[in-house]
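Asker: Okay, handing you the structure first.
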Amino acid sequence: MAPSGSLYGYSPGFAGTMKLLALMLLCVCLCITACKKDAEDDPLANVPATVTDLDGNLYHTLRIGTQVWLVENLKTTTYANGDPIPMVSLSGGWAGLVSGAYCNYLNSEYMAADYGRLYNFFAVSDPRGLAPAGFRVATDEDWKALIAFLGGENGAGGKLKESGTVHWITPNTEGSNGSGFTALPGGTCNLLGVFFGLGEFGYWWTSSESCSFYARSYMMYYNSCCITGSTNDKKFGFSVRCVMQ
C-alpha cells in the first residue's frame, strides 16, 4: 500500500511540493498577465454597463464594433458643468431661439421618460457639453462608422430600430434591433415650435456643423429599413445619442 501523502507509491517530499506550488503560482501569474494584456489591447474591455448624467438619469452602454454607444436617447436638463439647460415650451418662443434649449414632446415629462428630450443644435454645440462623463454627442463620422459596420444605409436602419410596434407604428419595416441600439421614434419640434412625427420617425443631431445655420443629423422612418443623413436648420428640436470618447 502506498504511504500517506503519496501517489502510486511516490511521495514528492518537501522539495517536490514546493516545485509544484511554484509551478501553480507561475500559471496564475501568466493568466493575470494575459488578462491585463487583453485589457490593454482592447480599451473597451472594461466599459461600465451603465452611466448616469448630472440629473441622475441612467443610461445603458452598448458596444457596436469599435464604438460604445448609450442605448437611450439623452434626457439631461443640465450641461456637463452643472448649468441648467433652458426648457422652452411652445408658448416660450422656440422659433426665435439662437441659444441652447430643450423641450419635451407635447411638453410632457411622460414622453421624455420614454423617448428622451428634444434639443436644438445650439444646446448640442454648447461648449459646456451635454453628454455624461466619458461620452460625447456623436459626430457625423461616428454615425457613418456605425452605419458602415451594420452594412450601409440600406438596411442599417432596421438593425438600429427597436423591434415591434410598442413605440414604432406599423409596419416598422425590418425593425429587428439586431444591433441592440434600440432607436425610438421620438419625433421632432419644428422651426415653429410644432411637435410632429412621434411613432413615425426619429431624428438625431450629430455634433457636426454644416454652416452657420445648418448642422448634420440622421433619420429613421417607420416604413423603411434605411437610415439617412441630412442637413437641417439648427433650430429644430431633435433627439441626441452619445458615444464614448
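The values are calculated or read from the model by the stated rules, or taken from the named source; none is laboratory data. No experiment lies behind these values; they were computed from the predicted model shown. With ideal geometry, Cβ positions are generated from the backbone for all residues, glycine too; neighbour counts draw on all protein chains shown.
Asker: Could you please find all residues in segment 44-59 being out of contact with any helix residue (DSSP H, G or I) (no Cβ under 9 Å at 6 or more places or on another chain) and assigned to a loop (DSSP other than H, G, I, E, B)?
Answerer: Leu44, Val47, Pro48, Ala49, Asp53, Leu54, Asp55, Gly56, Asn57 - these are the residues of segment 44-59 that are out of contact with any helix residue (DSSP H, G or I) (no Cβ under 9 Å at 6 or more places or on another chain) and assigned to a loop (DSSP other than H, G, I, E, B).
Asker: Mind checking which pairs have a first residue in segment 88-99 that is farther than 8 Å from Gly193 by Cβ and modelled with pLDDT of 85 or more and a second that is of a type in the set (S, T, N, Q) and surrounded by 13 or more Cβ atoms within 10 Å (Cβ to Cβ), Cβ under 8 Å, 6 or more apart or different chains?
Answerer: Matching pairs, first to second residue: Leu97/Asn120.
Asker: Right, next: Can you tell me which residue among Gly199, Gly180, Gly164 is surrounded by fewer than 20 Cβ atoms within 10 Å (Cβ to Cβ) and touching a His at 6+ places or on another chain (Cβ under 7 Å)?
Answerer: Gly199
Asker: With touching a helix residue (DSSP H, G or I) at 6+ places or on another chain (Cβ under 8 Å), under 14 Å from Arg241 (Cα atoms) and not in a loop (DSSP other than H, G, I, E, B) as the only criterion, which of Leu62, Leu146, Leu130 stands out?
Answerer: Only one candidate qualifies: Leu146.
Asker: Give segment 78-118 a look and list any residue that's of a type in the set (D, E, K, R) and either touching a Gly at 6+ places or on another chain (Cβ under 8 Å) or part of a loop (DSSP other than H, G, I, E, B) (or both), or say none.
Answerer: Across segment 78-118, the qualifying residues are Asp83, Arg117.
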